[in-house]
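Below is one structure, written out as structure tokens; comments come after it.
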Amino acid sequence: MLCAMSDALLEPVGLGAAESALYLCVLSAPRGTTAELAAAVDSTPARIRPCLRRLVDSGLVTRLSGSPARYTAAPPEVAVDALVASRQEDLERFRARARELAEQFQGVETGAVGDLVELIEGPTAIRHRVEQMQLGAEHEMKVVDCPPYFDSPVANPIEFQLLRRGVACQVIYDASGLEGKRRMDFTMACIAAGEEARSLPSVRMKMLIADRRSAMIPLSFAATEPTAAIFVRASPLLTALLTCFDLLWERAAPIGAAGPAPALLDQRDLELLTMLAGGVKDAAIIRALGITQRTMTRRVGHILTVLDARTRFQAGLQAARRGWL
């Protein structure tokens, strides 16, 4: 029966799952009364009346004259097309209004010197501003990623949206942040989606830079929890942060496959090399790769021989320079 298909059909036009189920029921049982429709969706007349009113107001359902009140559905191809067109007009008006607000906001930003730096207090406010920066990015995001994190310590799903939109993402990872397997798996997924990633053994300067127009850094790099942050707009301070990021980027070792590796090294060797280049500690590598200390020692010895390297960190850097990582 159609009324069982309550899959939020009408959500794209601003109506919920309850309205969707009710609309399908009216389609399958035209001229139904309020009581009959309530029984069909396992509800009560009092609960479905607001939903019926919204369907009538949207033009999807018509209330017939007479008593008791009966309802019939407008043909979907006609009613839904009209509703979608109206929704698109509303969205266009909203988009135009958003552009006006953006112009006003940019005008405010260029005002007083004190507006160039803003203190953001509280984890919720910080997460909200970080999301705003990411979602508003049009060209590039530059990130120095190290704990404690502004948002989720494991995953940042917004980054995939940015990459799909063509926003360039450059991320420098602190090696300690890649120690967990879930974190490393997510990082590799981001790289596969187009992220440019590099790693440093120790970098305690967390920052987020959007489109070279704004940045965010913690109020204290030594804090164990991100309770306050500094939001920086276009200014000499922002220029300094960009310069700092570029210098760190030059020092960092690339993560991710960028060229053919010799047949003597398998995929597990390349994963190990990536961690060695990033300065990840032995215990963390063993946990992340799910191997024993003996296996790791054997593989490291094999890698050093292939690369003719004296140290493990040197092996990682040599592999990165050859485009294997």
**Message:** Can you say whether Arg97 is open to solvent by 40 Å² or more (accessible area, probe 1.4 Å) and modelled with pLDDT of 85 or more, as far as the supplied structure shows?
**Reply:** no
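Kindly check whether there is at least one residue in the range 191-198 that is part of a helix (DSSP H, G or I), open to solvent by 60 Å² or more (accessible area, probe 1.4 Å) and closer than 25 Å to Gln161 by Cα. Give the derivation first.
If we filter the range 191-198 for residues that are part of a helix (DSSP H, G or I), which is where we start, we get 191-193.
If we keep only those that are open to solvent by 60 Å² or more (accessible area, probe 1.4 Å) too, we end up with 192.
Now narrow it down to the ones that are closer than 25 Å to Gln161 by Cα: 192.
Within the range 191-198, one or more residues are part of a helix (DSSP H, G or I), open to solvent by 60 Å² or more (accessible area, probe 1.4 Å) and closer than 25 Å to Gln161 by Cα.
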**Message:** Need pairs with beta-carbon distance below 8 Å; first residue farther than 11 Å from Tyr23 by Cβ and basic (Lys, Arg) and within the range 58-72, second in a helix (DSSP H, G or I) and modelled with pLDDT of 85 or more; sequence gap 6+ or separate chains.
**Reply:** Arg63/Leu52; Arg63/Val56
**Asked** For the range 146-190, how many residues are modelled with pLDDT under 85, open to solvent by 40 Å² or more (accessible area, probe 1.4 Å) and among the basic types (Lys, Arg)?
**Response** 2
**Asked** Name the residues in the range 38-59 that are among the β-branched types (Val, Ile, Thr) and buried (at least 18 other Cβ atoms within 10 Å of the Cβ), would you?
**Response** Val41, Ile48
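Mind counting the residues in the range 220-246 that are closer than 20 Å to Gly177 by Cβ and either out of contact with any strand residue (DSSP E or B) (no Cβ under 8 Å at 6 or more places or on another chain) or in a loop (DSSP other than H, G, I, E, B) (or both)? Give the derivation first.
Here is the first cut: in the range 220-246, the residues closer than 20 Å to Gly177 by Cβ are 220-227, 229, 241, 244-245.
Next, only the ones that are either out of contact with any strand residue (DSSP E or B) (no Cβ under 8 Å at 6 or more places or on another chain) or in a loop (DSSP other than H, G, I, E, B) (or both) stay: 220-227.
Summing the residues that are closer than 20 Å to Gly177 by Cβ and either out of contact with any strand residue (DSSP E or B) (no Cβ under 8 Å at 6 or more places or on another chain) or in a loop (DSSP other than H, G, I, E, B) (or both) in the range 220-246 gives 8.
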**Request:** Could you check how many residues of the range 35-68 are part of a loop (DSSP other than H, G, I, E, B) and in contact with a helix residue (DSSP H, G or I) (Cβ under 6 Å, 6 or more places away or on another chain)?
**Result:** 4
**Request:** Keeping to the range 206-220, report how many residues are farther than 14 Å from Val167 by Cα and open to solvent by 60 Å² or more (accessible area, probe 1.4 Å).
**Result:** 2
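Mind telling me which of the residues Ala4, Ala82, Ala69, Ala35 ends up being modelled with pLDDT of 85 or more, open to solvent by 50 Å² or more (accessible area, probe 1.4 Å) and aliphatic (A, V, I, L, M)? Talk me through it step by step, then tell me what you get.
Details: Ala4 fails: modelled with pLDDT of 85 or more; Ala82 fails: modelled with pLDDT of 85 or more; Ala69 fails: open to solvent by 50 Å² or more (accessible area, probe 1.4 Å).
Exactly one of Ala4, Ala82, Ala69, Ala35 is modelled with pLDDT of 85 or more, open to solvent by 50 Å² or more (accessible area, probe 1.4 Å) and aliphatic (A, V, I, L, M), namely Ala35.
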**Message:** Need pairs with beta-carbon distance below 9 Å; first residue open to solvent by 40 Å² or more (accessible area, probe 1.4 Å) and within the range 126-138, second of a type in the set (Lys, Arg); sequence gap 6+ or separate chains.
**Reply:** Glu138/Arg165
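The values are calculated or read from the model by the stated rules, or taken from the named source; none is laboratory data. All figures in this text were calculated on a predicted structure; none of them were measured in a lab. Every residue, glycine among them, receives a Cβ derived from its backbone with ideal geometry; neighbour counts consider all protein chains shown. The accessibility values were calculated without ligands, DNA or RNA, using every heavy atom of the protein model including side chains. Shrake-Rupley method; radii C 1.70, N 1.55, O 1.52, S 1.80 Å.
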